[in-house]
Amino acid sequence: MLLRLGRGLSIDLSQLLSAAQAEVPSDQAGRRSVNRILDGEMVPMPNHTLRYLSNDLLNKQMTPILSEYRARSLEEFGP
């Protein structure tokens, strides 16, 4: 899972696990987005629902997603 996350963020796994602080560009410092319980763009799927958060922020370096799974096992979830 960490390898897939690193590939998705286009960073090396050692960078992902490093305790060093990443430099934040000065034009993005202090940005904040508040997400209430029903905020975000909801994408229903057959076995789960995805809710994309912080849609009000542009040029994010990551996309926060809240996932709700309805399957109780891998077999129930499917391929």
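The values are calculated or read from the model by the stated rules, or taken from the named source; none is laboratory data. Since the model is a prediction, treat every value here as computed from it, not as a measurement. Every residue, glycine among them, receives a Cβ derived from its backbone with ideal geometry; neighbour counts consider all protein chains shown. Quick note on the areas: whole protein, heavy atoms, side chains included, nothing else; ligands and nucleic acids left out. Shrake-Rupley method; radii C 1.70, N 1.55, O 1.52, S 1.80 Å.
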query = Between a first residue in segment 35-50 that is under 20 Å from Leu74 (Cβ atoms) and a second residue that is open to solvent by less than 60 Å² (accessible area, probe 1.4 Å) and assigned to a loop (DSSP other than H, G, I, E, B), which pairs have beta carbons less than 7 Å apart while being 6 or more apart in sequence or on different chains?
reply = Asn47/Ala71; Asn47/Gly78
task = Could you list all residues from segment 41-67 that are more than 13 Å from the chain's Cα centre (by Cα) and closer than 25 Å to Leu16 by Cβ?
result = His48, Leu57, Leu58, Asn59
